[in-house]
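Taken together, the values in this text are just the output of simple stated rules run on the coordinates, not laboratory data. If you're wondering where the values come from, they're calculated on a predicted model, not measured in any experiment. Cβ sites come from the backbone with ideal geometry, for glycine too, and all protein chains shown count toward neighbours.
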Amino acid sequence: MKVNNLLLAFTFLFLFQTSFSQVKEDKGLNVKYQENVELEIDGVLDESIWETITPSGDFWEHFPEDLKLAKDQTEIKMMYDDKFLYIGVIVHTVGTNFKNISLMRDYDGGSNDAVHFLFDTYSDNVNAFYFSVTPYGVVRDGYVSKSGSDNDLFWDVTWYADAEIYDNKYTIEIKIPFFAFKYKNNISQWRFNCYRDDPQTLVNSVWAAVPRNQDKNNLGFFGKINFEKPLQKSRNPIAIIPYALYSGEQNHTNGTKTSISSAKIGGDVKIPIGSSLNLDLTANPDFSNTAVNEGSTNITRFELNFPEQRQFFLDNSDLFGGFGTKNNKAFYSRRVGFATDKEGNDIENDILLGARLSGKIGDNFRIGLLDVQTAEDKENEIPSNNNMVIAIQQNVFKKSNIGMVFINRQATNPPDSVEESERYNRVVGLDYNYYSNNNKWNGKTYFHKSFTPEAGDKDLSAGGYINYDTRKFFFESILTYVGGDYKSDLGFNKRTNTAIVAEKGGYRWYPENTSVNRFQFRFDSKYEFQPDTKKSTDYYIGLQLEARFINDSRAKIEFWNDFIYLDKPFDPTKTGKGEIPVGNYSTYGAWAIFTSNQANLFSYDLYAHIGSFFNGKKMSTETTLRYRIQPKFNTFIVANIDYISLPYAAETIMYIGPRVEFTFTKNLYWTTDIQFNSQDENLGINSRIQWRYRPLSDIFLIYKDNYRTDEFSPTARAIFLKATFWLNI
């Protein structure tokens, strides 16, 4: 009852919270209409039509300061015809020592010289389309959500850009088809911002000013672009994306080698419905070319949360996956297409068919319908399942929204071996997301209920948080509850039968005329208990000091104390030598991290942790080394070492993961990942050559190899040849 009262009080305060600050949106850019523009997109801007366009400049610094105009300015020109938006940019620089990590599209990292463009086409302050170009003409695109806090770089669309380098400037030329955007018919204004990263001078600047305590993607600080005449609906093409795959595999089990070769075809279809909705269909999809997950060891009691990278699940993923919080997600798309075998191991489960309808209806209403059928796996006693999600979201006030979700995982014609409690699982939920006009205040409150055969009545997951962030002061308050009978088969829940009350807050200050740009002091506390028994299970206190330097390197140090009640025996070493027994444990320690400026050709991160660990001790280090010969060669290595000393064992657990990346051209890449994990006794190799022979159409050659490291013997080996073709009709 006390938990429910706390939740009601928290929700009441949250719903009536208002911001005291307003955002000025008086900066604008007029976009001129031209008939049938003909440009060669080469980055040169030498066509006479560009001379007729008035540029917009006056970029403001965002780092290291935010109260003055940038010394090296950027000028933007825009025009449009009935099919395309054209952008020309003149970027003034102090030289040509540009930083460029890679020639690969959607390159990783924010350490490049680049100009970034964000378009809030519905002026809802919540979502935006993102495009970016470097001085070498390398492009990135993505979909920004949650008012700028999330940027999904796996989102892809066809557009055209190039750049040209001069002595003290570079120029960019862009052509974006209007079907790349979603927008309302007959509209004449979008919200817009543009920012620039300049590692040469260590200055970041923005077209519409953003306070330096806020992210440059923050949608609360956009200006406006005004079209000379209203935009009409663009003809959105139907995209047909077939693929063909040939694979050869070898499996080694108990000294026996089996070889399998197979061919597979399938594909996706994207059908636009108006200018704001899209129907996506998939049949027999294949994800063999999906990038390798970032490797790590896991010495905690809990499952790790990895981002979604499969193309079919990406569009409007913030709508489907935005219910709940990071550790209590109602829907976690990586559950679809994966299952648990008879031994309790996670394995892939083939997807047969899938459909998704998502987008906007009107200015303020979003809808998402997802239905995926997975295959039966008789050998592992996994039935065929239908996985369905229905999500809706209505904007309220200026930037906030209310959403509802229904999730259903239903076994299809399950065999008798499937227990009644596993035949279906359903979740219904209601979420409210709040953003003040300038994002000083933001937060969430949610209530979710699950329905599972033979489950008890403690099937509620609820909670929320509220966050306040200004130039100097910040704090966050969190309250969550997950009942012991709550279950979301398609969700992600760190644990059940738990209630958490957490607070964090701090203060920033900005010294002048020193090598430090900003200091930040932070205090964290978390209290966790079991609602059924009221027994405390975790209590954490941390004190942290962070420094961000003028050269864009960073340092942090934290001292902490943690009380843990362990309700189940636990073996973090996974060696089988013993277990940490049930009981109360008080631990303490410190950690520190230093991150160098990643724009340097050689950069590094150093992390060290020392302290008590349940009834023993733990020392950990993690080192990341990066080196590049720009713009074609890039490599890094991550080495994570955990030394754990317990009464029953002393173990050193290691993860070592080098990656080597060659980008021969903007369309030909070769990436190799090697991952050694002593905890799993596995050495994995994944080497992938990708040739983008036309926009969004690729040929992949992929080699995968896995070895048991205790006896260094092969376990699985495979080679894949896959071709995809993107056809707009």
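Counting only Cβ charges, +1 for Lys and Arg and -1 for Asp and Glu, the dipole size of the range 22-231 around its Cα centre is about 700 debye. Spacing of the modelled spin labels on GLU38 and ASP710, each 7 Å from Cα toward Cβ, amounts to 7.1 nm. A straight Cα-to-Cα reach below 23 Å connects LYS342 with the lysines LYS257, LYS378, LYS487, LYS494, LYS568, LYS574, residues fewer than 8 places away in its own chain not being considered.
Sites listed here are chymotrypsin sites (Phe, Trp or Tyr not before Pro) in the range 376-448 whose DSSP assignment is loop and whose Cβ has at most 15 other Cβ atoms within 10 Å: PHE397. Mean sequence separation of contacting Cα pairs (under 8 Å, at least six apart), scaled by the length of the range 22-231, corresponds to a relative contact order of 29 percent. Restricting the GluC sites (Glu not before Pro) of the range 51-93 to loop positions (DSSP other than H, G, I, E, B) with no more than 16 neighbouring Cβ atoms within 10 Å leaves GLU65.
Where a ≥ b ≥ c are the square roots of the eigenvalues of the C-alpha gyration tensor, would you call the range 150-253 rounded, which needs a/c under 1.5, or, failing that, prolate if a/b is larger than b/c, or oblate? Here the range 150-253 falls in the oblate category. Taking amide H positions as modeled 1.01 Å from N, with prolines and chain starts lacking one, the residues under 5 Å from THR587 and 5 or more places away or on another chain are ASP562, PHE563, ILE564.
Annotation: extensible slack from ALA283 through ILE541 equals 87.9 nm (criterion: 0.36 nm per residue apart, minus Cα-Cα distance). Close lysine pairs were tallied over the range 18-142: pairs 8 or more places apart or on different chains with Cα atoms under 22 Å apart number 7. You can think of it this way: the chain between TYR604 and ILE392 has 72.0 nm of extra reach, that is 0.36 nm per residue less the Cα-Cα gap. Counting only C-alpha contacts under 8 Å and six or more residues apart, can you give the relative contact order of the range 499-658 as a whole percent? The value is 13 percent. In terms of surrounding Cβ atoms within a 10 Å radius of their Cβ, TRP591, TRP509 rank from fewest to most as TRP509, TRP591. Let me know the shape class of the range 276-487, please: from the alpha-carbon gyration tensor, a ≥ b ≥ c as square roots of the eigenvalues, rounded when a/c is under 1.5, otherwise prolate if a/b is greater than b/c, or oblate. It is prolate, given that a/c is not under 1.5 and a/b is the larger ratio.
Which value, in Å to one decimal place, does the Kirkwood hydrodynamic radius take for the chain when every pair of different Cα atoms is included? That comes to 27.8 Å for the chain. Rounded to the nearest whole Hz, the Karplus-based 3J(HN,Hα) values (6.51 cos²θ - 1.76 cosθ + 1.60, θ = phi - 60°) of the range 307-321 follow the sequence x, 6, 10, 7, 4, 4, 9, 8, 4, 6, 5, 5, 6, 5, x, with x at glycine and proline. Taking the range 87-108 and a reference point 7 angstrom along Cα→Cβ of ASP167, the backbone N atoms nearer than 14 Å belong to 93-96.
Among the GluC sites (Glu not before Pro) within the range 437-513, those in coil by DSSP and having at most 16 neighbouring Cβ atoms inside 10 Å are GLU454, GLU512.
This ranking places ILE351, ILE271 by how few other beta-carbon atoms lie within 10 Å of each, fewest first, which gives ILE271, ILE351. If the Kirkwood radius is taken over C-alpha pairs of the range 499-658, then at 10 °C and 1.306 mPa s the Stokes-Einstein diffusion coefficient equals 86 µm²/s. Take the Cβ atoms of SER697 and ILE265, set R0 to 22 Å, and the FRET efficiency comes out at 0.90. Remark: the PHE725-ASN251 segment gains 167.6 nm on full extension, using 0.36 nm per residue and subtracting the alpha carbon distance. To the nearest ten degrees, helix 2-15 and the longest principal axis of the Cα atoms of the chain are 0 degrees apart.
In this structure, the pairs whose alpha-carbon distance is over 30 Å, taken from LYS229/LYS444; LYS440/LYS556; LYS182/LYS398; LYS175/LYS632; LYS184/LYS264; LYS329/LYS666, are LYS229/LYS444; LYS184/LYS264; LYS329/LYS666.
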